[in-house]
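The values are calculated or read from the model by the stated rules, or taken from the named source; none is laboratory data. All values reported here derive from a predicted model rather than from experimental measurement. Glycine gets a Cβ as well: all are built from the backbone with ideal geometry, and neighbour counts include every protein chain shown. To get the accessible areas, we keep the full protein, side chains included, count just its heavy atoms, and leave off ligands, DNA and RNA. Shrake-Rupley method; radii C 1.70, N 1.55, O 1.52, S 1.80 Å.
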Amino acid sequence: MESDFRKRDRESDLAAAEYPPGPYFFVFSGDSVRRLPVLVPGQVSLLRSAGDEGRFEDDGPEASAVGIRISETEAVLEIRDPSIEVRVNSEQVAGTKSIISGDTISVCSLTVVFHRPASRTASRTVLDGATLLDRLRQEIERSLRYGRPLSVLVVDTGHDPPDALGIRDAILGAVRFVDIVGWDGGREVVVVFPETSAEAGVPAQRVLDAAKRLAPSVRVGLVSCPDDGADAETLLAGARLATTSVGSSAVAAIRDAVTTYEIGSSRILVADPKMRRLFELVRDLALAEIPVLITGETGTGKEIVAQALHAWSPRGTHPLVSVNCAAVTESLLESELFGHERGAFTGATSARTGLLESARGGTVFLDEIAESTPRAQAELLRALETHRIRPVGSVAERPIDVRIIAATNRNVEKEIEAGRFRKDLYYRLGAAMLSVPPLRERPLEIPLIARTFLVDACRRAGKPVLEISSRAMQRLELHDWPGNVREMKNLMEFVAASVCGGTLDAEMLPERIGQRAAPWLVGRTPEPRARDVAGATSAGEGFRRLEDEIQELERRRIEEALAAANGVRAKAATLIGMPLRTMVSKIRLYGLGSIPSGRGRRRRDP
């Protein structure tokens, strides 16, 4: 016959299979025993008030006299009434006490035993914000160097501590051992998925499901390296941006957060928050009549901003007339802007209407306004103040009805100091100023713009649309883009015309693209240069690329650290504050693996 103990164990095992994994209590009442699981995080009440009989209540009220709070990492017994006798493992306790699996708690006639199955979260380490950022940078370097996939998930819990703590613990229970979890004590939890890219949606959905059980309004955003970014700050910013795009029912990507702006017949896609704020300001300024001065490096898209100011304004149904002040000679610029009378100068065989007059009811865009002549600046200032112009060679003024938008890639304040631009015109044009950031300062948009331009270029060339490989995207994201968006557009036109096949690979890009990237990405091994700049004999002869000098210094410092540490790599990495994994990679890169240890050198010494 089956023994009572064996029968009880078998029944307990069968009963346990009916409950979800997690902490639970055995509750002893008279001759009966019940197994009661509890939610995490959760709380139970053992005694409502001092005069009551003990009674186990799941999710008990906070005002109970004796209760237990349970999270993923700990369970705390709380005795709020010091007159009540409570014992843990036959020892009387008061106040609060942490309990562990197997502890027996007795209050009045009630006895409960707490059990928590071994949890894989118990051994997990949650990184703080700074440590997570450093670890993420290491993982990104490994991903870029070896072409390994990497994804980053940002979880916006929607709750402040301490509620976010329980959500964090639930996330810990949903991730793999290889995954990295970070939490800085706020409402945001970050999960790094190494070796995971295309399939990252599966563990991301698991994290979302675990967090939603405690916080139904939680939002998550998922990005991958290098398809969405090639540095830690960009990936985190992209994942945070994605959390704002959809509700809590799905894992969001950057593409879900892209904003589309209709500008006339064109469509502009914007992902970077700075550009989104810029275009929202453009929409507001479009309704006004004041002049606008647009600044920014060449190729950033200042003309697109000017087109938006016109298209979204009440003048949008009238002409937008553009003139590049740098492309018109000094002698003709005034005639272009203000018109001229017949015989006003040599070659003026007939009268001509200027752009400021011909664009009646519309907008005039003066690109590279800092290149205009002093006389043209004076006449333009007068036109802005009086809304009247005087054509070259005429004594009569004519009214104009236009809005002036100007742009320049120069530092106007320095131009004023040098006497090349009128201060009063600057203040008149600068009533509203818009600054377009360079492409290198909005890295979230590099993949978006590259894919958009490549699709358009392939269609114009009548070719199938090319995919951009991960290696090629790395090169694009690590390029400085001195020519900004215009350089990107021209590059994709070249790619569409020159690349055959279905994929754009890194070696198909021009050598200059990404030449400042890490050497392993562009197939170059840095060669030390022995000659010092100070020894140059002629101007400019001794100058070297800054990257080469930095790499040479890095190689020398690593070599010196290895010598000082007797070849012990971990100690050498500590000496120069470099992660060990990075140190090992750079030792291979610079060919320093043959440096012997201190013991090896001592054996060879005479």
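Miscellaneous remarks
- The Ser109 and Thr582 beta-carbon pair, evaluated with R₀ = 41 Å, returns a calculated FRET efficiency of approximately 0.05.
- Restricting segment 245-280 to trypsin sites (Lys or Arg not before Pro) that sit in a DSSP loop and have at most 11 other Cβ atoms within 10 Å of their own Cβ leaves nothing.
- Solvent-accessible area of segment 334-465 (1.4 angstrom probe, protein heavy atoms only): carbon and sulfur portion equals 47 percent.
- Environment charge of Ala75, counting only residues whose C-beta is closer than 9 Å and scoring Lys/Arg +1, Asp/Glu -1: 0
- Near Ser322: Cβ cut-off under 12 Å, other residues only, Lys/Arg at +1 and Asp/Glu at -1. The net charge is -3.
- Percent carbon-and-sulfur accessible area, segment 169-326, ignoring ligands, DNA and RNA, probe 1.4 Å: 54 percent
- Label-reachable residues, segment 450-472, where backbone N falls under 14 Å from a point 7 Å from Glu199's Cα toward its Cβ: none
- Within the assembled protein chains, the solvent-accessible surface assigned to Cys108 is about 80 Å², based on a 1.4 Å probe.
- Positive minus negative residues near Val27 (Lys, Arg vs Asp, Glu; Cβ under 11 Å): +1
- Average accessible surface for segment 170-264: 37 Å² per residue, computed with a 1.4 Å probe over protein heavy atoms with every protein chain in place.
- Selection of chymotrypsin sites (Phe, Trp or Tyr not before Pro), segment 300-401, meeting DSSP coil and at most 16 other Cβ within 10 Å: Phe345
- Couplings 3J(HN,Hα) of segment 458-463, computed from phi: 5, 5, 5, 7, x, 10 Hz, in residue order, whole Hz [Karplus 6.51 cos²θ - 1.76 cosθ + 1.60, θ = phi - 60°; x for Gly and Pro].
- Fraction of accessible area attributable to carbon and sulfur, segment 54-119 (%, probe 1.4 Å): 45 percent
- The simple spin-label model puts a point 7 Å past each Cα toward its Cβ; for Glu559 and Lys274 those points are separated by 3.9 nm.
- In straight-distance terms, cross-link reach from Lys274 covers every one of the lysines whose alpha-carbon lies under 29 Å from its own, apart from those fewer than eight places away in the same chain; here that gives Lys302, Lys414, Lys423, Lys489.
- Estimated FRET transfer efficiency (Ala378, Thr353; beta-carbon r; R0 25 Å; 0.05): 0.75
- For segment 393-469, the solvent-accessible area of protein heavy atoms averages 50 Å² per residue (probe radius 1.4 Å; ligands and nucleic acids excluded).
- Overall, the ratio between the Cα radius of gyration of segment 45-117 and 2.2 N^0.38 Å, rounded to two decimals, is 0.99.
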